[in-house]
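Quick note: the coordinates plus some simple rules give every number you see, no bench work behind them. From a predicted model like this one, the values you see are computed outputs, not experimental measurements. Neighbour counts are summed over all protein chains in view; Cβ atoms, including those assigned to glycine, are modelled from backbone coordinates with ideal geometry.
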Amino acid sequence: MERVIGLGGPFIKVNNPKELALWYEKHLGISFGGSTYTVWPFSNKDGSKKEGYNVFSFFTKDANYFAPSDKPVMINFIVKDLFALLAVLKEEGVTIVGEPMDEEYGKFGWILDPEGNKIELWEPPHS
């Protein structure tokens, strides 16, 4: 069974997400378009579009999205078959956090690593 097949992106807790996004836009040229996250679509070597994308996002320091982890960073990994992978991880004794979700932006599940870092597993929607 395939497990992680790519990086979905980093999510970082910061003091002021909008201000920091503006700083990254001004100094590093990363366009946030007035938001606190940006999306980079995948492309083939020839520049044509490819299914999938990476997300880089800032969250407020008090955001509950990383709970139960108290760490300031959460990594999102792309997976192929989220629900099957979660079942295998549970059998292996990995801590599953919350209930998986099937949303417009794909399927999501969460686990904790041994040091308490929350990891988001994401199966993007298929086009």
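Here are the numbers for the structure shown:
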item	result
Segment 49-98 shape via C-alpha gyration tensor axes, a/c threshold 1.5	oblate
Potential extension, residue 14-residue 30 segment - 0.36 nm per residue separation minus Cα distance	4.1 nm
Proximal lysines relative to residue 118, as straight alpha-carbon distance under 16 Å, when same-chain residues fewer than 8 apart are discounted	13, 61, 71, 90
In Hz, Karplus ³J(HN,Hα) per residue of segment 40-48 (6.51, -1.76, 1.60; θ = phi - 60°; x = Gly, Pro)	10, x, 6, 9, 7, 4, 7, x, 6
Computed FRET value (nearest 0.05) for residue 65 with residue 44, which takes r as the C-beta separation and R₀ as 25 Å	0.20
Segment 8-83: trypsin sites (Lys or Arg not before Pro) in DSSP loop, at most 15 other beta carbons within 10 Å	45, 61, 80
Rounded Å value of the spacing that divides the Cα centres of segment 89-127 and segment 1-71	17 Å
Antiparallel DSSP beta bridges within the chain, as percent of all bridges there, nearest 5	75 percent
Long-range amide H partners of residue 106 with built H, under 5 Å	none
Residue-by-residue Karplus 3J(HN,Hα) for segment 13-27, coefficients 6.51, -1.76, 1.60, Hz, glycine and proline x	7, 9, 5, 9, x, 5, 5, 5, 4, 5, 4, 4, 5, 5, 8
Extended-chain gain in nm, criterion 0.36 nm per residue less alpha-carbon gap, residue 126 and residue 103	7.1 nm
Neighbourhood charge, 12 Å Cβ-Cβ cut-off, centred on residue 43 and excluding it, Lys, Arg +1 and Asp, Glu -1	+1
In Hz, Karplus ³J(HN,Hα) per residue of segment 65-77 (6.51, -1.76, 1.60; θ = phi - 60°; x = Gly, Pro)	4, 8, 4, x, 5, 9, 7, x, 10, 10, 9, 10, 10
